[in-house]
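Below you'll find the structure, written out as structure tokens, and then a few comments.
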Amino acid sequence: MSEIVNIQGLQKCFGKFRALSDVSFTVNAGEVVGFIGPNGAGKSTTIRILLGIINRESGNAEIFGKDVWKDSLEIHKRISYVPGDVTLWGNLTGGEIIDLFLKLHGGGDKQKRDALIKRFELDPKKKAKGYSKGNRQKVGLIAALSVDSDLYIFDEPTSGLDPLMEAIFQEEVEKIKKSGKSILLSSHILSEVERLADKVVIIRQGEIVESGSLNELRHLTRSAITIATERDVAEMANLNGVFDFKQKDNLATFSADNKHLDDILMQASKLGVKKFESVPPTLEDLFMRHYEG
Amino acid sequence: MKEKFARWDTLFLLYLKRDWKKITIWILGIGLFSAAYVPAFEEIAKGKGLLGMYETLQNPAMIAMVGPTPVETARDYTLGAMYAHEMLLFCGVVAMVITVLHVISHTRKEEDLGLTELVRSFQIGRQANSLAAMMETVFINVLLALFIGGVMMSFGADSISVEGSFLFGASIGMAGIIGAVIALVMAQVMPVSSAATGSTLGIIGLLYIIRAGTDVSNVNLSMINPLGWTYLTYPFTENNWTLLIFAFIFSLIMVVIAFALEGSRDMGAGYLPEREGRGNAKKSLLSVRGLFIKINKGVMIGWSIAFVLMGAAYGSIYGDMQTFLESNEVMKQMFSSSGVSIEESFTSTIMMVMLGLVSILPIAIVNKLFAQENRSLLSQIYATKVTRIQLFWTSIGLAIFASLVGILLAAGSLGGTAISAMGDSSTMDTLDFLAAGYNFLPSVLFFTGLAALALGWAPKLGKVVYVYLGYSFVINYFGGILELPEWFSKTAIQSWIPRMPMENFDALIFITITVISIALMVIGYLGYSRRDMIEGA
């Protein structure tokens, strides 16, 4: 797999504030990478560096094997971008702005544009100052989705969209993904990332704290287990790899290290299992683990 | 009543608390600017100073700029008379403009930003905000009036009487209030705050220009001009307080109109309807140039109209000049001995004033690029194949284009009207006017260059260019009146340029300033091409 985005040891300060201290990750061809982290962690700063809007202090950042600052124009021909807070010229209509963006990007599919306007239920004749946050976001999305790019960068793209529109966005992203394009998706909405992303990169205070496929990440953490047995379940509590053990009669809930799962099952089977449920950690659990611990 | 204005007093106190720093700077700034030059004027008045000044200010160009005096002979022209004559109109207009910006930013702007929506969700009357903002503004202007009166009186100069001092202050305060009420009405009529600000400043500009015409032709006509109710109070000479009563009644009526208009419109709406837009963009919009033209169209058209009106208003004065000369022996001698006609002298002065205003437009266009950057409007455009070269030089190009057109309109309209007003006695042709106008092109380019420099290296300082323009304008405006030292007046860029048609064209200076200006733009570009874009900071 060839690398579409390659970031190594990225650093950036704003005055005395250290926005990025060590950011490294890659996005491969045909991959959807979820980029998650709380507000102020450095997601947008990283994306702005990728777009050549601001320059890095040190480290390397390449898209399509080209330097994001020096060769930004070559790169920009083949990417699409939607910021998290789309701001628009109040005296232009949504339709005019979409056309402008398509033209400045170069190319763009008129039919696709019209189809997307319909799907997202945008009124293109309205002046942009009359748009709500969600409608402004739609303008940005339609403009980005109507052009044919090799890399799509979305910075919290669905903020302000209602759940129906969010679902439409996700469907559109899946279409792009199927056609083999790469996507860097920064988002707060973890269910969205969970649904779309092949790989997750978690950033905290300007540093990448975790990256890998969702499965890999899950493996590092614990599953939530519910078990009901015929005999007394209490002795499960003392096993290696069992945490947060709670018991009510013969029903117990606990979280289990995945690597000790085998021992746990062996022990449980001696007690006469009536019910056994294992829920893998959600992305939210993963996320929280990094920010609470 | 309660429904409308409930708890306006709470808001009023909140605003005072919120704005106290601004209010302090405002009152000290305008107050000292208006009142503290008494010692400087005492210097001017020494010896034959008053006499000379009286004659200088009889020149129609000067009357068009600073207004008339009721004094009929040079002997009665006291220090107080001179001070009020030269300072009152200008200070009144400054107070007015500041007040307009304040009122709109606290009413319509807050509405646009969505603050009003939040405030109205509390137990606060629908119009309490407007009332509170208005009361705050009146309060500030009353303080300003008292402050000016107090400061002037404290110099204890001859002929600067206590009554005159407070009338002088009150006239400036009243000018502020008149500005405030016009702004409040426009804030209701216009669909957005920028349009309200623009139209109010436009109205003030128009009133100023109309009074320039009527002051020269027939001062009584200036009495029906709201602006006339401020500077025609003639402090220290006639002390005509009645005009302030007119102004007060006018303000009251305007406030009632504004509140009625506000009461019957929806929040966020105006009275000028908004049209439905296009679903698809016109071809002309689809480029960086097209976009920038579209974005700047409003301000370019607005200023273009202002330039034409300004030129026409000043131009119409030319017809009265010869008549005026006939009636004034001293002036007639002055002009015949210098070998320069009164029309030429007037042209060179007015051209400098007009070109100062023409310079605002290119600065605004260049600053607009950073304003857009800062509001993250360009985020999605940075991610396309559009280069920084394109963004920067398209803005500069548009600014230069606007300068060229602005000069053409201002000088052409002045010349056209002047020539038709003078009829057969015309001593100048259109080309003379255009040459006098384009002679100042380097100064306009210089301001554009400064704005470009700021855009590239310290974009937040873009507004400082206006401050320098204002400074240069004041130096030039008062340069003819006050005897400024050479080095001091040369700190204004226009002072380097000879005043055509009174003086001869200087190609060396023209080229030098042009080259410096272009160099500033190039240096600005070097900064722009490598700095971080500043979004939402």
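Derivation of every value follows stated rules applied to the coordinates shown; laboratory data play no part. Note that the structure is predicted; figures quoted are calculated from it, not measured. No Cβ is skipped: glycine too gets one built from the backbone with ideal geometry, and neighbour counts run over all protein chains shown.
Which whole-number percentage describes the relative contact order of chain B, with Cα contacts under 8 Å and a sequence gap of 6 or more?
Answer for chain B is 14 percent.
Hey, quick one: spin label on B:LEU118, modelled 7 Å out along Cα-Cβ, who in region B:181-206 has an amide N within reach, i.e. under 12 Å?
In region B:181-206, the label zone of B:LEU118 (backbone N under 12 Å from the point 7 Å along Cα→Cβ) covers no residue.
Once you put a point 7 Å from the Cα of B:THR56 and another 7 Å from the Cα of B:PHE248, both along the Cβ direction, what distance in nm separates them?
My value for the distance between the label points is 3.7 nm.
Give a residue-ordered list of calculated ³J(HN,Hα) values for region A:248-257 (Karplus: 6.51 cos²θ - 1.76 cosθ + 1.60, θ = phi - 60°; whole Hz; x for Gly, Pro).
9, 6, 9, 9, 10, 10, 7, 10, 10, 5
In sequence order, what are the phi-derived ³J(HN,Hα) couplings for region B:135-144 according to the Karplus relation 6.51 cos²θ - 1.76 cosθ + 1.60 with θ = phi - 60°, rounded to whole Hz, with x for glycine and proline?
Using θ = phi - 60°, the values come out as 4, 4, 5, 4, 4, 4, 5, 5, 4, 4 Hz.
When the label point is put 7 Å from the Cα of A:LYS129 along its Cα-to-beta-carbon vector, which residues of region B:198-217 have a backbone N closer than 12 Å?
Those under the cut-off are B:198-199.
Please arrange A:LEU214, B:LEU167 by how many other C-beta atoms lie within 10 Å of their C-beta, fewest to most.
Final ranking by Cβ density, sparse to dense: A:LEU214, B:LEU167.
Nearest-5 percent of antiparallel DSSP beta bridges in the protein assembly as shown?
Here the share of antiparallel DSSP bridges comes out near 70 percent.
Note the direction-averaged projected area, equal to a quarter of the hull surface, for the Cα convex hull of region B:41-168, in nm².
On the way: hull surface 41.3 nm².
Reported value for the Cα convex hull: 10.3 nm².
Under a crude label model (7 Å from the Cα following the beta-carbon direction), how far is B:ASP19 from B:VAL256 in nanometres?
Rounded to a tenth, the inter-label distance reads 2.5 nm.
Hey, got a sec? Which trypsin sites (Lys or Arg not before Pro) in region A:161-268 land in a DSSP loop and have at most 12 other Cβ atoms within 10 Å?
Those that pass, being in a loop and sparsely packed, are A:ARG231.
Work out from phi, with θ = phi - 60° and the Karplus expression 6.51 cos²θ - 1.76 cosθ + 1.60, the ³J(HN,Hα) of each residue of region B:64-76, listed in order in whole Hz, and give x for Gly and Pro.
4, 7, 9, x, x, 10, x, 5, 9, 10, 4, 5, 7
For region A:1-108, what value does the Rg/Rh ratio take when both radii are computed over Cα atoms and Rh is the Kirkwood radius, given to two decimals?
Radius of gyration over Kirkwood radius for region A:1-108 works out to 1.00.
Taking 8 Å as the Cα distance limit and 6 or more residues as the minimum spacing, I'd like the relative contact order of region B:333-420 as a percentage.
Averaging sequence separation for qualifying contacts and normalising by length gives 39 percent for region B:333-420.
Please compute, for the alpha-carbon atoms of region B:232-362, the extent along each of the three principal axes and give them in descending order in Å.
67, 45, 22
Would you calculate, for the protein assembly as shown, the mean residue ellipticity at 222 nm contributed by helices, counting each DSSP H stretch of 4 or more residues as -39,500 (n - 2.57) and dividing by all residues, to the nearest 500?
Numbers: 36 runs with 492 residues, N = 830.
Per the formula, -19000 deg cm²/dmol.
My understanding is that a pair violates if its Cα-Cα distance is over 32 Å; which of B:LYS332/B:LYS463; A:LYS177/B:LYS294; A:LYS12/A:LYS112; B:LYS282/B:LYS368; A:LYS138/B:LYS109 do that in this structure?
From B:LYS332/B:LYS463; A:LYS177/B:LYS294; A:LYS12/A:LYS112; B:LYS282/B:LYS368; A:LYS138/B:LYS109, over 32 Å: B:LYS332/B:LYS463; A:LYS177/B:LYS294; A:LYS12/A:LYS112.
Which residues' amide hydrogens lie under 5 Å from the amide hydrogen of A:TYR81, considering only partners 5 or more residues apart or on another chain, with H built in the peptide plane?
For A:TYR81, the qualifying residues are A:ILE153.
Extending each Cα 7 Å along its Cβ direction at B:GLU42 and B:ASN240, get the distance between those two points in nm, one decimal.
3.0
Expressed as cubic angstrom per residue, what is the convex hull volume of the alpha carbon set of the protein assembly as shown? Walk me through the intermediate numbers first.
Values: hull volume 168.2 nm³, N = 830.
Each residue corresponds to 203 Å³ of Cα convex hull volume.
In which sequence would B:TRP241, B:TRP303, B:TRP8 go, from the one with the fewest C-beta neighbours within 10 Å to the one with the most?
Neighbour counts put them in this order, fewest first: B:TRP241, B:TRP8, B:TRP303.
Can you give me the long-range amide H partners of A:VAL209? Hydrogens built in the peptide plane at 1.01 Å from N, cutoff under 5 Å, separation of 5 or more residues or another chain.
A:ILE202, A:ILE203, A:ARG204
Counting other Cβ atoms within 10 Å of each Cβ, which GluC sites (Glu not before Pro) in region A:164-260 have at most 14 and sit in a DSSP loop? Intermediate results must be reported in sequence, preceding the final value.
Numbers: sites: A:GLU166, A:GLU171, A:GLU172, A:GLU174, A:GLU192, A:GLU194, A:GLU207, A:GLU210, A:GLU216, A:GLU230, A:GLU235; in loops: A:GLU230.
Sparse-neighbourhood loop GluC sites (Glu not before Pro): A:GLU230.
Taking loop as defined by DSSP and a crowding limit of 14 other beta carbons within 10 Å, which trypsin sites (Lys or Arg not before Pro) in region B:293-399 fit?
Working: sites: B:LYS294, B:LYS297, B:LYS332, B:LYS368, B:ARG375, B:LYS385, B:ARG388; in loops: B:ARG375, B:LYS385.
For trypsin sites (Lys or Arg not before Pro) across region B:293-399 that sit outside H, G, I, E and B with at most 14 neighbouring Cβ atoms in 10 Å, the list reads B:ARG375.
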